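Peer 1: Sharing a structure below in structure tokens format, with a few things to ask.
The values are calculated or read from the model by the stated rules, or taken from the named source; none is laboratory data. What you see is a predicted model, and the numbers here were worked out from it, not measured in a lab. So basically every Cβ, Gly included, is an ideal-geometry build from the backbone, and we count neighbours across all protein chains shown. The accessibility values were calculated without ligands, DNA or RNA, using every heavy atom of the protein model including side chains. Shrake-Rupley method; radii C 1.70, N 1.55, O 1.52, S 1.80 Å.
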Amino acid sequence: MNKTAVYPGTFDPITNGHIDIIKRAARLYDTLYVGLAVSQEKKPLFTVKERLGFIKQAAEGMPNVRVEFFKGLAVDYVRSKKSMVVVRGLRMISDFEYEFQMALTNRKLADDIETIFMMPHEKYAYLSSKLIKEIVYLGADASSFVPDFVEAALRRKLKKHD
Ligand code: ADP
């Protein structure tokens, strides 16, 4: 059986926590699609092109990881990849309610697709894209939370708001 999984998300921007999940999932599946969900609702800081570029750079050297964007429902994207697996990351209890709701909604939409939750290394368990943007905006160094190229881009982007 060819095992393919999809890790969908906003990745605004990708953090070391997301990368940890990508590495773990890529060990379990033959092919892992990292699917960037295109949604204006969340008012992302980075464009789709920028976010895709960061993910691709972060996934360099991971031969079974493919990076794409998708529009519409995650379950439709998963089906289009002939996959039955959605990978999501669980950090703390605070993620649980939202992820639970999302997984059960997706199950209602597509009963044949399972959501698999993975926990990152504990050193990444508190990282979120949102907090990283806030601390860089306030002048802190985020180099231990995101790859260097993301940190540089955050600095460039958030400087405009000084
Ligand atoms: P969303 O898809 O909800 O907009 P993100 O793009 O931030 O959120 O995250 C995609 C997935 O990765 C979610 O399941 C989220 O819980 C998970 N995730 C985010 N940050 C981390 C982290 N530091 N460690 C592990 N998983 C994470």
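Peer 1: Do we have Arg51 as of a type in the set (Lys, Arg) and either crowded, with 17+ Cβ neighbours inside 10 Å or closer than 30 Å to Glu134 by Cα (or both) here? Before the answer, list the steps.
Peer 2: Details: of a type in the set (Lys, Arg): yes; either crowded, with 17+ Cβ neighbours inside 10 Å or closer than 30 Å to Glu134 by Cα (or both): yes.
When the stated conditions are applied, Arg51 passes them.
Peer 1: Could you list, ordered by first residue, the pairs with Cβ atoms under 6 Å in which the first is in the range 55-68 and among the small types (Gly, Ala, Ser) and the second is assigned to a loop (DSSP other than H, G, I, E, B), at least 6 apart or interchain?
Peer 2: Cβ pairs passing all conditions: Ala58/Ile14; Ala58/Pro147.
Peer 1: Taking only the range 23-48 into account, find how many residues are exposed (fewer than 14 other Cβ atoms within 10 Å of the Cβ), within 25 Å of Met84 (Cα to Cα) and out of contact with any strand residue (DSSP E or B) (no Cβ under 8 Å at 6 or more places or on another chain).
Peer 2: The total comes to 2.
Peer 1: While we're here: Any idea which residue in the range 74-106 is nearest to the ligand (Cβ to nearest atom), counting only those that are aliphatic (A, V, I, L, M) and open to solvent by less than 50 Å² (accessible area, probe 1.4 Å)? It would help to see each step written out before you state the result.
Peer 2: Pass one, the range 74-106, residues aliphatic (A, V, I, L, M): 74-75, 78, 84-87, 90, 92-93, 102-104.
Then keep just the ones that are open to solvent by less than 50 Å² (accessible area, probe 1.4 Å); that gives 74-75, 78, 85-87, 90, 103.
Working: Ala74: 9, Val75: 14, Val78: 14, Val85: 13, Val86: 9, Val87: 8, Leu90: 6, Ala103: 10 Å.
The qualifying residue nearest to the ligand (Cβ to nearest atom) is Leu90.
Peer 1: Take the residues of the range 107-125 that are free of Cβ contacts under 8 Å to residues at least 24 places away in the same chain and among the acidic types (Asp, Glu): which is farthest from the ligand (Cβ to nearest atom)?
Peer 2: The selected residue is Asp111.
Peer 1: If a residue must be assigned to a loop (DSSP other than H, G, I, E, B) and either at pLDDT 95 or above or open to solvent by less than 40 Å² (accessible area, probe 1.4 Å) (or both), how many such residues does the range 113-139 contain?
Peer 2: The qualifying residues number 7.
Peer 1: Considering each residue of the range 2-43, count those that are modelled with pLDDT under 95, within 21 Å of Met102 (Cβ to Cβ) and more than 9 Å from the ligand (Cβ to nearest atom), and give that number.
Peer 2: Residues that pass the stated criteria total 3.
Peer 1: For the subset of the range 1-21 comprising residues that are hydroxyl-bearing (Ser, Thr, Tyr) and not in a strand (DSSP E or B), which member is least open to solvent (accessible area, probe 1.4 Å)?
Peer 2: Going through the qualifying residues, I end up with Thr15.
Peer 1: Would you be able to tell me the number of residues in the range 37-55 that are more than 13 Å from Ala153 (Cα to Cα), part of a loop (DSSP other than H, G, I, E, B) and of a type in the set (A, V, I, L, M, F, W, C)?
Peer 2: Looking only at that region, the number is 1.
Peer 1: Check the range 67-75 and report whether any residue there is out of contact with any Leu (no Cβ under 9 Å at 6 or more places or on another chain) and under 29 Å from Arg155 (Cβ atoms).
Peer 2: no
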